[in-house]
Protein chains: 2
Amino acid sequence: MDEKKQEKHQTKPIRCIVKLGGAAITYKDELEKINEENLHIVSSQLRQAMISGRSLSEKVHGMDWSKRHGESEVSFTIDDIGEYAIGDSDRFVVVHGAGSFGHFQASKSGVHKGGLEQPLVKAGFVATRISVTTLNLEIVRALAREGIPSVGISPFSCGWWTNERNIASADVSAVEKAIDSGFTPVLHGDAVLDGSQGCSILSGDVIIRHFAAELKPEYVVFLTDVSGVYDRPPVEPDAVLLREIGVRENGSWYVVKPVLQDLNKQVEITVAAHDTTGGMVTKITEAAMIARLGIDVYIVKAATSHSLRALSGELRNNIPDDWLGTVIRFVRQDRQQES
Amino acid sequence: MDEKKQEKHQTKPIRCIVKLGGAAITYKDELEKINEENLHIVSSQLRQAMISGRSLSEKVHGMDWSKRHGESEVSFTIDDIGEYAIGDSDRFVVVHGAGSFGHFQASKSGVHKGGLEQPLVKAGFVATRISVTTLNLEIVRALAREGIPSVGISPFSCGWWTNERNIASADVSAVEKAIDSGFTPVLHGDAVLDGSQGCSILSGDVIIRHFAAELKPEYVVFLTDVSGVYDRPPVEPDAVLLREIGVRENGSWYVVKPVLQDLNKQVEITVAAHDTTGGMVTKITEAAMIARLGIDVYIVKAATSHSLRALSGELRNNIPDDWLGTVIRFVRQDRQQES
């Protein structure tokens, strides 16, 4: 099936799947508060990355014609809409996490543990979906204001569901259809139904892994609130940024760059307490599974010059020394034996 | 296929499909302004109708745990959640129109006419979806605050699409799955992809007709901003409320009650100018197609004692003389010949 899928997408490949980390676009310690500045920069960088290589006017044609809070009129004239050619370079998919949206509601009620027959879990399911779709709408609007033809797509609405918390059914055809029509789908971690336990949380990272396997993008970018993956919690003074992580065919991974003093030393990574769907260990594991497919994964701090370079795809052939971030890539067996 | 579907749903029937008319829940002349008072009453009536016949505490267990605009904290404690048994009487589906959400964006750009290769249409598609999903989220929240386990489902996200503006693919399995899990799906008129013209608008009324055929509800209620269907525009002083409309097997319809003085007189109905998806004529035509399936349709003014009676299902066997509204129902040929 994988080969069939690959063939299917060879004609019109997806260029990039972007994960907007919840911690990068929200204030994780403040309930339901968006980091508007970061979201604006991220949206603008996405636009630049999507049109890179094409000569387009610098003028942004906003696609959010809604009233803003506190404003009574729409600031839009049809004259604002210029020529906008749809190119294959536009083929991006955006998936975002929940940050300070959804986590409160999910963890208070235990939606991830299932049990819809319990009133609290059922109410929590509803409350979680309200919170994450609120964030989704705001992200779609931010992207639309930058002229990105963004369309929100909720996994629950797509009819995706899990079984024992793993994806059981997640048809990507609606997402593919949207991309083929020139839109940028924006998905999110969501509360979904679960065949064995009633309901569960489908995280943005799991969605990305699924998409990577199905859509075979050229590369995947994780935008986070730190510069990449470190050998210990990045707040510690001696924390070392891991520049490159190699992934073996069996899915295990090792640090390629920098060469650590103690090669056998286990990389210390703590699971971030705020993340109910798992922290950095989950992220590396998910990223490694993507890299195994031969797809480069870049983990980089959002809204920096480094994130723009990652999104633009300029790292694909060569990682410049002045780029700050972590590359996770598949390493063929013969190269491993050389090192 | 119809028989198979009918059989499938005989064990767990949908009780009611409710259309929240855009004009009833928004101020149609004010851009993106919700009629909060009506929406609150409608939500409260829906709750009462859904639990009717069951002994439930009067206490409402709110399921919207989000921050309200301008508030910094969530007003929620887990103690608020009591026992909530899911019953078959809860099996409602809500579909809402756009009102002053979406229409502006759709009509300015001509989304309903298609042509996604035009920048204006593409931008309008994005803008329309942002506007209608904003309304959807607010309706889901209003229902959740009344303790209704509402989940927003967008037709576009479901992967529904049209061909020459007619439904080409609209799999209801995600909606059915949500109902079977005890949730109340809340759908809406949406911008969708169209096989022949690129894109189009799928109206709430067309969705309801599709659902009626697929889900075979016991009855359908259209909540509007007037008392029902009149023989001429209801603002005219001599306008007569049509109490009952009969639908023949071939889909044509005629006025049963009251007996009009001029029986051959064509009922005068103007298409409301604000409604890009068609006005009252479309509504009667759609309603007649539902009635042909043997499903009673009630058109009634939202947020009145009459709407509560319609939603509760008490009109099914007998229409009381003091009920204000229009019933549209299938009339067997033999009864037609009697009259």
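Nothing in this text is a laboratory measurement; each read-out follows from the coordinates by a stated rule. Since the model is a prediction, treat every value here as computed from it, not as a measurement. Cβ coordinates were reconstructed from backbone atoms using ideal geometry, including for glycine residues, and neighbour counts include every protein chain displayed.
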Run the quick spin-label model on A:T285 and B:N166: label points 7 Å from Cα toward the beta carbon, then report their separation in nm to one decimal. 5.1 nm
If amide H atoms are built 1.01 Å from N in the plane of the peptide, which residues on other chains or at least 5 residues away come under 5 Å of the amide H of B:H188? B:H96
With R₀ set to 51 angstrom, the calculated FRET efficiency between the beta-carbons of A:V235 and A:E117, to the nearest 0.05, is 0.75
Spelling out what I want: for every residue of the range A:113-128, take phi, set θ = phi - 60°, compute 6.51 cos²θ - 1.76 cosθ + 1.60 (Karplus), and round to whole Hz; glycine and proline get x. 8, x, x, 5, 6, 7, x, 5, 5, 5, 4, x, 4, 4, 5, 5
Estimated distance in nm for a label pair at B:K33 and A:D321, the labels positioned 7 Å out from Cα along Cα-to-Cβ: 6.4 nm
Put in order of increasing Cβ neighbours within 10 Å, starting from the fewest, B:L293, A:L315 give B:L293, A:L315
Mean projection of the alpha-carbon convex hull of the range B:107-209 over all orientations, in nm²? 6.4 nm²
As a check on your reading of the symmetry: which chain B residue has its Cβ nearest the axis that brings B onto A, and how far is it in Å? B:S157, 2
Backbone HN-Hα couplings from phi across the range B:204-212 [Karplus 6.51/-1.76/1.60, Hz, Gly and Pro as x]: x, 5, 5, 4, 5, 4, 4, 4, 4
Suppose we keep just the DSSP beta bridges with both residues in the range A:109-228; what percent of those would be antiparallel, to 5? 60 percent
Shortest-first nm distances, B:R232 label point to equivalent points in other copies (7 Å, Cα→Cβ): 8.7
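Give the peptides B:304-314, A:146-156 in descending order of average Cβ contacts within 10 Å, highest first.
Working: B:304-314: 20.5, A:146-156: 25.4.
Order by mean packing, descending: A:146-156, B:304-314.
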Counting partner chain Cβ atoms within 10 Å of every residue's Cβ in A:189-202, what's the average? 1
If contacts are Cα pairs under 8 angstrom and at least 6 residues apart, what is the relative contact order of the range B:95-150 in percent? 33 percent
So, with points 7 Å from each Cα along the Cβ direction, the A:V259-B:E218 label distance in nm works out to 7.7 nm
Please report, for A:D180, the nm distances (one decimal) from its label point, 7 Å out from Cα along the beta-carbon direction, to the equivalent points in the remaining copies, shortest first. 2.8
Using the count of nearby Cβ atoms within 10 Å as a rough guide to exposure, how do A:E30, B:E32 rank from fewest to most? A:E30, B:E32
Inter-copy spacing of B:H40 label points, which lie 7 Å from Cα along Cα→Cβ, given in nm from shortest upward: 3.4
Within 10 Å of each residue's Cβ, count the other Cβ atoms and sort A:T184, A:T133, B:T128 from fewest upward. A:T184, A:T133, B:T128
Average beta-carbon neighbours from other chains, 10 Å sphere, peptide B:116-124: 6
Charge dipole magnitude, Cβ of K and R +1, D and E -1 - the range B:201-241, Cα centre, debye nearest 20: 180 debye
Using a Förster distance of 60 Å, how high is the FRET efficiency between A:S107 and B:S196, based on the Cβ-Cβ distance and rounded to 0.05? 0.80
Based on the Cα atoms of the range A:295-337, what semi-axes does the equivalent ellipsoid have, where each is the square root of 5 times one gyration tensor eigenvalue, given in whole Å with the largest first? 22, 10, 9
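Other chains' Cβ within 10 Å of A:126-136 residues: what's the mean?
6
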Given H placed on each backbone N at 1.01 Å, which residues far from A:Y230 in sequence or on other chains put an amide H within less than 5 Å of it? A:L242
